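Below you'll find the structure, written out as structure tokens, and then a few comments.
Just so it is clear, none of the values below were taken in a lab; they were calculated from the coordinates. Keep in mind that what you see is a predicted model, and the values were worked out from it rather than measured. Positions of Cβ are backbone-derived with ideal geometry, glycine not excepted, and every protein chain shown enters the neighbour counts.
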Amino acid sequence: MASGSNWLSGVNVVLVMAYGSLDLKEEIDIRLSKVQDIKYEPQLLADDDARLLQLETQGNQNCYNYLYRMKALDAIRASEIPFHAEGRHPHSLMGKNFRSYLLDLRNTSTPFKGVRKALIDTLLDGYETARYGTGVFGLSEYLRYQEALSELATV
């Protein structure tokens with residue numbers, strides 16, 4: 001009788017693990033699907049954020065890559081590029097619509113008031129590296145991206 005009891009408890013454990021993992025997978029899928037409903041991207045770093053002081057210290061700058069990534073994404077909002085003025089790229093979804101705006105600029109047959117395709121490619125690469133990349137995005141990458149962003153804003 002004791003061995004039958006152990007067998008049933010083993011079956012119960014397997015059932016709980018199988019159904020538990022299905023429930024967890026379903027919960028993860030539900031939460032991931034909600035990402036599409038996000039309507040606003042907040043500013044990542046305030047101007048007086050204490051973490052910015054870490055960038056001024058001399059030391060290993062590679063450990064602060066995440067701060068440069070955050071600054072690069074916040075720079076889109078501060079750039080005053082009118083990518084949301086046409087209505088196709090609303091202001092609230094900065095990243096997704098900024099990328100779409102750059103792709104539209106790059107893929108148009110006529111250059112947008114003298115915007116070079118190399119400039120747009122630099123911005124796309126910088127944006128995608130800052131937002132999704134796993135490699136280094138330090139001071140030099142941030143400055144290159146910021147320079148290209150400023151150049152597009154002046155055009």
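Numbers at a glance
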item	result
By average C-beta atoms within 10 angstrom, highest first, the peptides 64-71, 29-36, 135-142	64-71, 135-142, 29-36
Label-point separation, D125 to E56 (7 Å along Cα→Cβ), nm	3.2 nm
